[in-house]
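Bear in mind that the values in this text are calculations on the coordinates, not laboratory data. Predicted, not measured: the structure shown is a model, and the values here were computed from it. Here the Cβ is made from the backbone with ideal geometry for all residues, glycine too, and neighbour counts use every protein chain on show.
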Amino acid sequence: MTTPPDKPLTTGQVAQLLGTSRQQVVNLCERGDLPFVMVGKHRRIERAEVEALLRPRLELTRDQLKSLWLHQAVAGTLVADPDLVLDKARHNLERLLTQHRGTMTEIWLTKWQAKINDGPHAVLKALTAQDSESVELRQNSPFAGVLPQEQRQKVLGAFSRSGRVRAA
């Protein structure tokens, strides 16, 4: 396929990459499993979204899954009050970057800083995605203190009661 990497793909091109039918690609889009934009009456899909779909999903450990649950709760707060959440994260980042200068943690915190500077959408994706970068970012989170303690405890309680607490 000779489509430039930055040009969105047609459903037919995506079907060819996935080895499936064009209708199946449309179904993936309509279910929300494959993000797309409409150009006129046609769906266009970013190559990166197709590549993400092709990558095997990580089997999260119990701790990674617990972190995902907590960060999904942070995501809910973020969509309700982006300025409050991003300001708290920026404040935490200042302190954490000073504490972790010259370490691997500093690298991940710097990545968070870039996502925060990119805005709420980039942060939401990192808070809720299950790709390896997002998993690692959540292990180095600047969102401490965003959730009130009572809400944090409710999330942890719900996580403990869920059937998805087995370690990978």
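For the chain, set up a GNM with springs between Cα atoms under 10 Å and report which of His42, His91, His71 has the largest fluctuation.
His42
Which of the lysines could a cross-linker span from Lys41 if the Cα-Cα distance has to be under 20 Å and same-chain partners fewer than 8 positions apart are dropped?
Lys7
What angle do you read, to the nearest 10 degrees and between 0 and 90, between the alpha-carbon axis of helix 82-99 and the longest principal axis of the chain?
60
Let me know the charge dipole size of segment 62-161 about its Cα centre in debye, to the nearest 20, where only the beta-carbon of Lys, Arg (+1) and Asp, Glu (-1) is charged.
It comes to approximately 300 debye.
Modelling each spin label as a point 7 Å along the Cα-to-Cβ direction, I'd like the Ser162/Glu136 distance in nm, to one decimal.
For the pair Ser162/Glu136, the computed spacing is 2.4 nm.
Could you sort the peptides 101-108, 121-128 by per-residue average Cβ neighbour count (10 Å cutoff), highest mean leading?
Ranking the peptides 101-108, 121-128 by packing returns 121-128, 101-108.
Take the alpha carbon gyration tensor of segment 99-146, find the square roots of its eigenvalues, order them as a ≥ b ≥ c, and report rounded if a/c is under 1.5; if not, report prolate when a/b exceeds b/c, else oblate.
prolate
Using Cα atoms only, what is the angle between the long axis of helix 149-161 and the major principal axis of the chain, expressed in degrees (0 to 90) to the nearest 10?
The angle comes out near 60 degrees.
Explain nothing, just the number: dipole magnitude of segment 11-54 about its Cα centre with +1 on each Lys and Arg Cβ and -1 on each Asp and Glu Cβ, in debye rounded to the nearest 20.
220
Under 15 Å Cα to Cα from Lys111, which aspartates and glutamates show up? Leave out anything in the same chain fewer than 8 places away.
Glu94, Asp131, Glu133, Glu136
Which one of Leu147, Leu86, Gly157 is farthest out on the positive end of the charge dipole of segment 60-168, using unit charges on Cβ (Lys, Arg +1; Asp, Glu -1) and the Cα centre as origin?
Toward the positive end, the furthest listed residue is Gly157.
Using a Gaussian network for the chain with springs between C-alpha atoms less than 10 Å apart, which of these wobbles most: Lys88, Lys66, Lys154?
Fluctuation is largest for Lys154.
Using only Cα atoms and rounding to the nearest 10 degrees, what angle (0 to 90) does helix 62-80 make with the longest principal axis of the chain?
90
For the chain, with a Gaussian network of springs between Cα atoms less than 10 Å apart, report the residue from Thr11, Thr77, Thr61 with the top mean-square fluctuation.
Largest GNM mean-square fluctuation: Thr11.
Is the C-alpha gyration tensor of segment 62-161 telling us rounded, prolate or oblate? Criteria: a/c under 1.5 is rounded; beyond that, a/b larger than b/c is prolate, otherwise oblate.
On the way: a/c = 1.56, a/b = 1.33, b/c = 1.17.
Since a/c reaches 1.5 and a/b is larger than b/c, the shape of segment 62-161 is classed as prolate.
Remind me, relative contact order of segment 3-92 in percent, using alpha carbon pairs under 8 angstrom and six or more residues apart?
On the way: 59 pairs, mean separation 20.3, N = 90.
It rounds to 23 percent for segment 3-92.
Could you give the size of the charge dipole of the chain about its Cα centre, using +1 on the Cβ of each K and R and -1 on the Cβ of each D and E, expressed in debye and rounded to the nearest 20?
400
Apply the a/c threshold of 1.5 to the C-alpha gyration tensor of segment 11-54 and tell me whether it is rounded, prolate or oblate.
Taking the square roots of the gyration eigenvalues as a ≥ b ≥ c, segment 11-54 is rounded.
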